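Trainee: The structure's right below; bear with me while I get my questions together.
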Amino acid sequence: MALASRARALLPGARSWGAVLARVTAQRAMSHRVVVETDAAAGVAVMKFRNPPVNSLSLEMVTELVINLEKLENDKTVRGLIFTSESPGVFSSGLNLLDMYGRNPAHYAEYWKAVQELWLRLYQCPMVTVATINGACPAGGCLISMTCDYRVMADNPKYTIGLNETQLGIVAPFWFKDTLVNTIGYRASEISLQLGLLYPPAEALRVGIVDKVVPEDQVHSAALAVMAQWLAIPDHARQLTKAMLRKPTVDNLVRQRDADIQQFVSFISRDSIQKGLQMYLQMLKQKKA
Amino acid sequence: MALASRARALLPGARSWGAVLARVTAQRAMSHRVVVETDAAAGVAVMKFRNPPVNSLSLEMVTELVINLEKLENDKTVRGLIFTSESPGVFSSGLNLLDMYGRNPAHYAEYWKAVQELWLRLYQCPMVTVATINGACPAGGCLISMTCDYRVMADNPKYTIGLNETQLGIVAPFWFKDTLVNTIGYRASEISLQLGLLYPPAEALRVGIVDKVVPEDQVHSAALAVMAQWLAIPDHARQLTKAMLRKPTVDNLVRQRDADIQQFVSFISRDSIQKGLQMYLQMLKQKKA
Amino acid sequence: MALASRARALLPGARSWGAVLARVTAQRAMSHRVVVETDAAAGVAVMKFRNPPVNSLSLEMVTELVINLEKLENDKTVRGLIFTSESPGVFSSGLNLLDMYGRNPAHYAEYWKAVQELWLRLYQCPMVTVATINGACPAGGCLISMTCDYRVMADNPKYTIGLNETQLGIVAPFWFKDTLVNTIGYRASEISLQLGLLYPPAEALRVGIVDKVVPEDQVHSAALAVMAQWLAIPDHARQLTKAMLRKPTVDNLVRQRDADIQQFVSFISRDSIQKGLQMYLQMLKQKKA
């Protein structure tokens, strides 16, 4: 069971996930799927994904991400936030298929609400956010990257990035689509999303799904250099500008959040979709074996 | 008189153009302005324009296109559809000026409704659609191409593509504009649409109004290769993704379809516009002579 | 006090700023911050900014621009309008900080309404408009340029163009943002607007915030050549096309014009913003000294 949902069950009056966490941490140890290192002098935090083997965005992982984001938003010394991975070769494999296969509708609904919450926080994050893409970055991993203000990708041809949902027989929801259109434009999104394209670094740069490609050993220093450039701008002016730019896209989900959950639950519960996911999961198992 | 409108007059209760066709074909021979060849094994149909000399989109031609589209949509063995021309050097010259000049308002309204219907079917087509642009492709010809999922153009400098309406003193309607903006972006559309630009292949590729330019003798094989790539994606995921991407643009016309017809009829009936078209038609006649 | 506001005070029933001007010009001399030269044979007017030292968009300057625009719109012999500067090295420094610092709310409101009026007229201008950017072009100067149908920039690395508001700790309003997004797209606007980027000519061309860069001594002839190309299109078709393309962006401001004024007044009146502007003005003074 997810930390936050367990916490909400324990503390039904609690509204803020951070407040929940504060009370809960005394009771149990964190699972540490997410590690945050803060450089207070620079005002920059680095959030590292540590959910082996592939940083899958399980309900627990999504919940930890949300809780850590809320904590950092409330820490006035932190102005910038860098996302990266501690799992070799993988930034994040995206949404966790095991949270979308063989569960009941209540679980699907809880999972989807958490994924929405993560996107809403990331896309409206008042901090400067930079993705240091040091590994494979499909689907939900790509979504996290695209919410950032800037994307630096390691120049390793094994790493690819994109919303490849259709290749798995599923459909990216409209707010994934909106985020992609905002990043690479409408026409490139038509091709990218329908074909479920995964771009290696050079192509990713050309289509604009990442902003910079650097040698793999320079990806962290490059992200820090970008961060320094963005932190040179007064926070309040930058934050208001970011909010103004992203508000219509955010409102688009907020307006129809419940309907989106219902649609996800209904779609993912279909026999044909469950069968497709089963086949895909079996294929993954055979690959490993 | 158009086939379908004649059919509707004969069979007033009929809602579906395909159903109309099915009952009517027993009574009269098709005019065959459109030829459809289906490769059932590959699941791909090729729709060839054969309305000499320039594949003008007359009311009859538009009606045949709509009827054939509806038939293919109902044929579950067909997953992909390629458009091309059998008229040498011309993909399609676009809307038929003779349906917009010297007729009465009822005719203009009937014509415009049919053109709307064609666009609505093409833009929402559940099949993968590829335009094989093997000739000149102005105005309405460009519109048909832009509704496709992918555009392959023959590398012949005599062929150009674009919405050149302003050059004729007329105005592309908002849904032509929306389709162009979706294809090449807003700013390029401002220049393209105001100046009525016709792009030769290299420029067309650069501005993004086509996706691929190949030597003329390879245009059909290139289209088939593209089709194979798109058919590798599960249909239902691709179809839902396409519908999600295009729905806002479709809704924009559906919401104001009648108003758009009235505006077209009112605009095209103006003395100044009729005089402009007359001059243009005379110029075309002198060119031929 | 601004010419038009003085005029409106004198003639409260007057609706049209042009009508006001016509009655007022008998009473006082024009200040000539804007000089208009018309080539009646070519149908082209050139509007020259002459508000030394930096063509700051003071309330007086904005008012004169609006009045001159209205006069030209009513002059049926003028089909095209070129904007350029007579101040060496500066196209326009943008909004006048002295109209935004140390004044009362009524002044801020009057100023903002005039700036809105200027943008509304420029963005909907029925004439072909070309910006000849022969000097520095930040903030409001960039906004004026972006309303034009085409932008030609002199290839001088000292000249830069962009919406650099965040660098000053202030925020470009949503209609500045909309104009930028229409010009360079959403993603480039996210970077450009948050960082307050000022682009030198080559970068300005690459990002698409200008359309052509030419040697400085050819900037005027290049603008005339562009104008000739655009004037080859029938006016009424081009005007209807322009209006159709820009209407949603215009409507976006028209719908919330009063709210936008109130938001500007409230924002600019904040102590923190006033203090920031004071520091910036002192820095400018020290630079001069």
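The values are calculated or read from the model by the stated rules, or taken from the named source; none is laboratory data. Quantities reported herein were computed from a predicted structural model and do not represent experimental measurements. Reconstructed Cβ throughout: ideal geometry from the backbone, glycine too, with neighbour counts over all protein chains shown. Accessible surface is based on the protein model in full, side chains and every heavy atom, while ligands, DNA and RNA are left aside. Shrake-Rupley method; radii C 1.70, N 1.55, O 1.52, S 1.80 Å.
Results for (1) touching a Phe, Trp or Tyr at 6+ places or on another chain (Cβ under 8 Å); (2) in contact (Cβ under 8 Å) with a residue 60 or more places away in the chain; (3) of a type in the set (Gly, Ala, Ser), shown as yes or no for each residue.
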| site | (1), (2), (3) |
| --- | --- |
| A:Ser87 | yes, no, yes |
| A:Asp99 | yes, no, no |
| A:Asn104 | no, no, no |
| A:Leu143 | yes, no, no |
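Trainee: State whether the residues of the range A:240-247 include one that is in contact (Cβ under 8 Å) with a residue 24 or more places away in the chain, more than 11 Å from every other protein chain (Cβ to nearest Cβ) and in a helix (DSSP H, G or I). Don't jump to the end; show me each part of the working.
Mentor: Taking the range A:240-247 as the starting set, the residues that turn out to be in contact (Cβ under 8 Å) with a residue 24 or more places away in the chain are A:242-243, A:246.
Right, trim to more than 11 Å from every other protein chain (Cβ to nearest Cβ) and you get none.
There is no residue in the range A:240-247 that is in contact (Cβ under 8 Å) with a residue 24 or more places away in the chain, more than 11 Å from every other protein chain (Cβ to nearest Cβ) and in a helix (DSSP H, G or I).
Trainee: Considering only the range A:117-158, state which residues are in contact with a strand residue (DSSP E or B) (Cβ under 6 Å, 6 or more places away or on another chain) and among the aromatic types (Phe, Trp, Tyr).
Mentor: Here is the first cut: in the range A:117-158, the ones in contact with a strand residue (DSSP E or B) (Cβ under 6 Å, 6 or more places away or on another chain) are A:127-142, A:145, A:148-153, A:155.
Passing the criteria: only A:Tyr150.
Trainee: So, C:Asp149, is that one touching a Pro at 6+ places or on another chain (Cβ under 6 Å) and over 23 Å from A:Val226 (Cβ atoms) or not? Before the answer, list the steps.
Mentor: Working: touching a Pro at 6+ places or on another chain (Cβ under 6 Å): no; over 23 Å from A:Val226 (Cβ atoms): yes.
Taking the combined requirement at face value, the residue does not satisfy it.
Trainee: Same structure again: Considering only the range A:227-239, how many residues are touching a strand residue (DSSP E or B) at 6+ places or on another chain (Cβ under 6 Å) and more than 10 Å from chain C (Cβ to nearest Cβ)?
Mentor: First, the residues of the range A:227-239 that are touching a strand residue (DSSP E or B) at 6+ places or on another chain (Cβ under 6 Å): A:227, A:230-231.
Cutting the leftovers down to more than 10 Å from chain C (Cβ to nearest Cβ) gives us A:227, A:231.
Final tally of qualifying residues: 2.
Trainee: Go through (1) open to solvent by 50 Å² or more (accessible area, probe 1.4 Å); (2) acidic (Asp, Glu); (3) within 25 Å of A:Arg121 (Cβ to Cβ) for A:Glu203 and report which single condition fails.
Mentor: (3)
Trainee: If I ask for residues that are more than 25 Å from A:Ala259 (Cβ to Cβ) and not in a strand (DSSP E or B), which ones from the range A:126-146 would you list?
Mentor: Filtering the range A:126-146 for residues more than 25 Å from A:Ala259 (Cβ to Cβ) gives A:126-138, A:141, A:145.
A:Pro126, A:Met127, A:Asn134, A:Gly141, A:Ser145 - these are the residues of the range A:126-146 that are more than 25 Å from A:Ala259 (Cβ to Cβ) and not in a strand (DSSP E or B).
Trainee: Here is a follow-up. Can you name the condition, by its number, that B:Glu117 falls short on among (1) closer than 22 Å to B:Val254 by Cβ; (2) crowded, with 22+ Cβ neighbours inside 10 Å; (3) away from every other protein chain (no Cβ under 12 Å)?
Mentor: Against the list (1) closer than 22 Å to B:Val254 by Cβ; (2) crowded, with 22+ Cβ neighbours inside 10 Å; (3) away from every other protein chain (no Cβ under 12 Å), B:Glu117 comes up short only on (2).
Trainee: Within the range C:252-262, count every residue that is within 26 Å of C:Val130 (Cα to Cα) and open to solvent by 50 Å² or more (accessible area, probe 1.4 Å). Before the answer, list the steps.
Mentor: Applying the first criterion (within 26 Å of C:Val130 (Cα to Cα)) to the range C:252-262 yields C:252-254.
Add one more test, that the residue is open to solvent by 50 Å² or more (accessible area, probe 1.4 Å), and what stays is C:254.
Matching residues across the range C:252-262 total 1.
Trainee: Can you pull out the residues in the range B:227-239 that are assigned to a loop (DSSP other than H, G, I, E, B) and either closer than 13 Å to B:Tyr150 by Cα or open to solvent by less than 60 Å² (accessible area, probe 1.4 Å) (or both)? Please lay out each step first, then the result.
Mentor: If we filter the range B:227-239 for residues that are assigned to a loop (DSSP other than H, G, I, E, B), which is where we start, we get B:232-234.
Listed by number, the residues that qualify are B:Ile233, B:Pro234.
Trainee: How many of the residues in the range C:171-192 are within 8 Å of another protein chain (Cβ to nearest Cβ), open to solvent by less than 20 Å² (accessible area, probe 1.4 Å) and either assigned to a loop (DSSP other than H, G, I, E, B) or touching a Leu at 6+ places or on another chain (Cβ under 6 Å) (or both)?
Mentor: Qualifying residue count, the range C:171-192: 3.
Trainee: Kindly check whether there is at least one residue in the range B:231-252 that is among the charged types (D, E, K, R) and either over 24 Å from A:Gly185 (Cα atoms) or at pLDDT below 95 (or both). Lay out the reasoning, then the answer.
Mentor: To start, the set of residues in the range B:231-252 that are among the charged types (D, E, K, R) comprises B:235, B:238, B:242, B:246-247, B:251.
From the residues that got through so far, the ones that are either over 24 Å from A:Gly185 (Cα atoms) or at pLDDT below 95 (or both) too are none.
Looking for residues that are among the charged types (D, E, K, R) and either over 24 Å from A:Gly185 (Cα atoms) or at pLDDT below 95 (or both), one finds none in the range B:231-252, hence no.
Trainee: So is B:Val35 surrounded by fewer than 22 Cβ atoms within 10 Å (Cβ to Cβ) and more than 23 Å from B:His107 (Cα to Cα) or not?
Mentor: yes
Trainee: Something else now. If you take the residues in the range B:193-203 that are under 28 Å from B:Lys242 (Cβ atoms) and assigned to a helix (DSSP H, G or I), which one is nearest to the other protein chains (Cβ to nearest Cβ)?
Mentor: Residue satisfying both the conditions and the ranking: B:Leu193.
Trainee: Let me ask another. Regarding the range B:147-161, can at least one residue be identified that is open to solvent by 10 Å² or more (accessible area, probe 1.4 Å) and in a helix (DSSP H, G or I)? Walk me through how you get there before you give the answer.
Mentor: Taking the range B:147-161 as the starting set, the residues that turn out to be open to solvent by 10 Å² or more (accessible area, probe 1.4 Å) are B:150, B:155-160.
Adding the requirement that they be in a helix (DSSP H, G or I) leaves none.
No, every residue in the range B:147-161 fails to be open to solvent by 10 Å² or more (accessible area, probe 1.4 Å) and in a helix (DSSP H, G or I).
Trainee: Out of contact with any Cys (no Cβ under 8 Å at 6 or more places or on another chain), more than 14 Å from chain B (Cβ to nearest Cβ) and either in contact (Cβ under 8 Å) with a residue 24 or more places away in the chain or over 21 Å from A:Thr249 (Cα atoms) (or both): does that describe A:Glu165?
Mentor: Numbers: out of contact with any Cys (no Cβ under 8 Å at 6 or more places or on another chain): yes; more than 14 Å from chain B (Cβ to nearest Cβ): no; either in contact (Cβ under 8 Å) with a residue 24 or more places away in the chain or over 21 Å from A:Thr249 (Cα atoms) (or both): yes.
Spelling it out, it is not the case that A:Glu165 is out of contact with any Cys (no Cβ under 8 Å at 6 or more places or on another chain), more than 14 Å from chain B (Cβ to nearest Cβ) and either in contact (Cβ under 8 Å) with a residue 24 or more places away in the chain or over 21 Å from A:Thr249 (Cα atoms) (or both).
Trainee: Pick from the range B:206-226 the residues that are within 14 Å of another protein chain (Cβ to nearest Cβ) and open to solvent by 40 Å² or more (accessible area, probe 1.4 Å): which of them is nearest to B:Gly185 (Cα to Cα)? Working first, answer last.
Mentor: Kept after step one, since they are within 14 Å of another protein chain (Cβ to nearest Cβ), are these residues of the range B:206-226: B:206-212, B:225-226.
Pick out the ones that are also open to solvent by 40 Å² or more (accessible area, probe 1.4 Å) and you get B:206, B:212, B:225.
Details: B:Arg206: 13, B:Lys212: 18, B:Ala225: 26 Å.
That would be B:Arg206.
Trainee: Could you tell me whether C:Leu81 is of a type in the set (A, V, I, L, M) and at pLDDT below 95? If you could, list the steps in order and put the result at the bottom.
Mentor: Working: of a type in the set (A, V, I, L, M): yes; at pLDDT below 95: no.
Answer is no for this residue.
Trainee: Return only the number of the condition from (1) open to solvent by 60 Å² or more (accessible area, probe 1.4 Å); (2) among the β-branched types (Val, Ile, Thr); (3) within 12 Å of another protein chain (Cβ to nearest Cβ) that C:Ile273 does not satisfy.
Mentor: Of the numbered conditions (1) open to solvent by 60 Å² or more (accessible area, probe 1.4 Å); (2) among the β-branched types (Val, Ile, Thr); (3) within 12 Å of another protein chain (Cβ to nearest Cβ), the odd one out for C:Ile273 is (1).
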